């Protein structure tokens with residue numbers, strides 16, 4: 001009789017442990033799902049976001065720092081302007097997932113002297129964040 005009682009107690013503890021694990025797994029699943037949908041919504045806003053075409057004739061010579069962040073992407077740049085032309089863009093920080101190829105957009109901006117550049121295929125989000133950081137640097141120069 002004592003053995004049965006011990007087995008019943010052990011069985012009850014095992015059921016409780018399994019129940020707690022199940023609640024944690026289900027809660028974790030919904031938490032991760034919510035987090036991922038929030039991140040995706042943030043990134044999808046970037047696709048339609050407009051980047052201003054900055055009038056470089058209004059920009060004085062100098063080096064200007066700008067940044068932009070949309071989780072999980074963070075970019076900080078330094079834009080150097082001489083004689084109303086962008087002569088260099090240094091990427092100070094680029095935290096990205098798989099958006100490293102977007103860094104090629106910097107050379108395209110310097111070459112074309114405009115922010116109206118198509119995003120790098122496969123790195124659309126990081127491309128847009130880099131362009132917005134450059135835009136912010138140049139807009140800050142006008143203040």
Compute the length gained on full extension between residue 47 and residue 11: take 0.36 nm times their separation in residues and subtract their Cα-Cα distance, giving the result in nm to one decimal. 7.5 nm
Roughly how many nanometres apart are two label points built 7 Å out from the Cα toward the Cβ at residue 92 and residue 32? 3.6 nm
Let me have the relative contact order for the chain, percent, based on Cα pairs under 8 Å that are six or more residues apart. 25 percent
Using only Cα atoms and rounding to the nearest 10 degrees, what angle (0 to 90) does helix 124-141 make with the longest principal axis of the chain? 50 degrees
Protection proxy ranking, peptides 19-30, 84-95, average beta carbon neighbours within 10 Å, highest first: 84-95, 19-30
Measure off 7 Å from each Cα along the Cα-to-Cβ vector at residue 114 and residue 23, then give the distance between these two points in nanometres to one decimal. 6.0 nm
Contour minus end-to-end for residue 80 and residue 57, with contour as 0.36 nm per residue of separation and end-to-end as the Cα-Cα distance? 6.9 nm
For percent of Cα pairs over 27 Å apart, which listed value, (i) 42; (ii) 20; (iii) 24, comes from the coordinates shown? (i)
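None of the figures in this text is laboratory data; all of them are computed from the coordinates on show. Note that the coordinates shown come from a computational prediction; the quantities given were computed from them, not determined experimentally. With ideal geometry, Cβ positions are generated from the backbone for all residues, glycine too; neighbour counts draw on all protein chains shown.
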